[in-house]
Amino acid sequence: MARLVLASSSVNRKQILERAGLEFTVMVSDADETAEGLAPDALVQEFARRKMEAVLPRCLPDDIVVTADTVVSIDNEILGKPHDAAEASRFLHMLSGRTHVVYTGVCIEYRGRRVTFCQTTQVQFYPLSEKEIADYVASGEPFGKAGAYGIQGPAALFVEGIVGDYNNIFGLPAAHVMREVKALLGE
């Protein structure tokens, strides 16, 4: 029986698989996540591939390994995890009252066969007041989250609408991932 390995330190990705009732092992990747000049879809797929290469030597031959990377993009700018309060505030001002795209790149490998894809989800924010942004940044919630927000927390109140896979906003389009896993397993 193949073991499912989630090569990620993301609590969100882990929770998605747990809620889906899947058994899996977590193995953290230490891959380099710096790159410039790539479009959001290419960037997240590149980072997912790097994570795969970093973790594969520690995996068993029959492991099904899943890696992922997520960014937010608006106005042709990639919004990763904010470095400080000023950047978090800038990101939230950009997202306020507008639609942005969440990109998650996924790489899956089983017995030397690999599939890589990018899933997108559009998220529309309500207009945010200066106080809402300041209070949210002061709460510490934006840090460690692409685009400076986590839809599963207080920022759920910012979201007017979504087009696409909800779990993708958390960092793992689980339904698409499992269909790809089943295809690799020949099911």
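The values are calculated or read from the model by the stated rules, or taken from the named source; none is laboratory data. Everything quoted here is computed from the prediction, not taken from an experiment. When we count neighbours, we look across all protein chains shown, and the Cβ atoms used for this are built from the backbone with ideal geometry, even at glycine.
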Is it fair to say Val55 is in contact (Cβ under 8 Å) with a residue 12 or more places away in the chain and either assigned to a strand (DSSP E or B) or of a type outside the set (A, V, I, L, M, F, W, C) (or both)? no
Go through Ile74, Ile64, Ile78 for me and flag whichever is at pLDDT 95 or above, within 25 Å of Gln122 (Cα to Cα) and in contact with a strand residue (DSSP E or B) (Cβ under 9 Å, 6 or more places away or on another chain). Ile74
Does segment 82-94 contain any residue that is in a strand (DSSP E or B), touching a strand residue (DSSP E or B) at 6+ places or on another chain (Cβ under 6 Å) and at pLDDT 95 or above? no
Within segment 1-27, residues being free of Cβ contacts under 8 Å to residues at least 60 places away in the same chain, over 17 Å from Ala175 (Cβ atoms) and of a type in the set (D, E, K, R) number 1
Does Ala85 meet the test of being over 18 Å from Pro40 (Cα atoms), surrounded by 14 or more Cβ atoms within 10 Å (Cβ to Cβ) and of a type in the set (A, V, I, L, M, F, W, C)? yes
